[in-house]
Amino acid sequence: ESTGYIDYDQMEKSAVLFRPKLIVAGASAYARLYDYDRIRKVCDKQKAILLADMAHISGLVAAGVIPSPFDYADVVTTTTHKSLRGPRGAMIFFRKGVKEINKQGKEVLYDYEDKINQAVFPGLQGGPHNHTITGLAVALKQATTPEYKAYQEQVLSNCAKFAQTLSKNGYELVSGGTDNHLVLVNLKPKGIDGSRVEKVLEAVHIAANKNTVPGDVS
């Protein structure tokens, strides 16, 4: 709470205590990078599944300007309409193939495919929207270009400058800054709440949204 960073030591202690079957690495208001390697090790000790939700940072991951969860996670989820710049939608990635060799020398395969497909369709998903799929294909194609990487690098640069300017003007930033495209401002020292700031900014045509901060009980 005091630093605004994820406490991985406490995460490991909590995992030992509660023995979760699934650990999710992802948030909507975390401006720092994730230590996926450390989280993977915590999961391995508890034989837990690691699901990385990169909805907010997927564009930065696709451009290779911040670390990717794909080398560590069992399942990766993302929306497609945030920093990825695609149409509204989502994607689920999961591991396939050989997971390990058991004591009998036989291959043990990942079993996520059927479980995920049956959970998503037809309960949560209906027929395909071909116009959305086409739009997503265009967005993913754009994500492979040098121009896209330059765009995402500029996003990081803009955000770092914005965070620096807010800090210079007396605003307290959670974790002291940012490593991605998000800036989280702690308004408690100013004696005002996020809801009011959100409405005032909206009135002058600036898009922002309120979020909880560490230690927030509102």
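Any read-out appearing in this document is the output of simple, stated calculations on the displayed coordinates, not a laboratory observation. Just so we're clear, the structure is a prediction, and the values are computed from it rather than from any experiment. Here the Cβ is made from the backbone with ideal geometry for all residues, glycine too, and neighbour counts use every protein chain on show.
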Kindly express, to the nearest 10 degrees and within the range 0 to 90, the angle between helix 130-142's C-alpha long axis and the longest C-alpha principal axis of the chain.
80
Angle in degrees between helix 36-46 and the longest Cα principal axis of the chain, rounded to the nearest 10:
50
For Val98 and Thr134, extending 7 Å from Cα along the Cα-Cβ vector and measuring point to point gives, in nm, a value of 4.2
Expressed in nm to one decimal, what extension gain is obtained for the pair Lys45 and Leu22 from 0.36 nm per residue of sequence separation less their Cα-Cα distance?
7.1 nm
Inter-part distance where segment 1-58 and segment 131-180 are each reduced to a Cα centre, Å:
22
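Considering only the chain, what is the antiparallel percent among its DSSP beta bridges, to the nearest 5?
The antiparallel proportion sits near 60 percent.
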For Ser14 and Ala208, what does the FRET efficiency come to when R0 = 25 Å and r is the distance between their Cβ atoms, rounded to the nearest 0.05?
0.20
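Once you have the Cα-Cα distance between Gln142 and Thr3, take 0.36 nm times their residue separation minus that, and quote the gain in nm to one decimal. Provide the component values of the computation, followed by the final result.
Working: separation 139, 0.36 × 139 = 50.04 nm, distance 3.66 nm.
Net length gain for the segment: 46.4 nm.
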Estimate the FRET efficiency between Val108 and Arg196 by the formula 1/(1 + (r/R0)^6), using the beta-carbon distance for r and 35 Å for R0, to the nearest 0.05.
0.05
Angle check, please: helix 146-168 long axis (alpha carbons) against the longest principal axis of the chain (alpha carbons), in degrees 0 to 90, nearest 10.
40
Please state the equivalent ellipsoid semi-axes for the chain: what are the square roots of 5 times the Cα gyration tensor eigenvalues, largest first, in whole Å?
33, 24, 17
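Could you calculate the FRET efficiency of Gln125 with Leu166 from 1/(1 + (r/R0)^6), where r is the beta carbon distance between them and R0 is 41 Å, rounded to 0.05? Could the numbers behind the result be given before it?
On the way: r = 40 Å, r/R0 = 0.98.
It comes out at approximately 0.55.
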For segment 8-142, give the magnitude of the charge dipole about the Cα centre (Cβ charges: +1 Lys/Arg, -1 Asp/Glu; no others), in debye to the nearest 20.
80
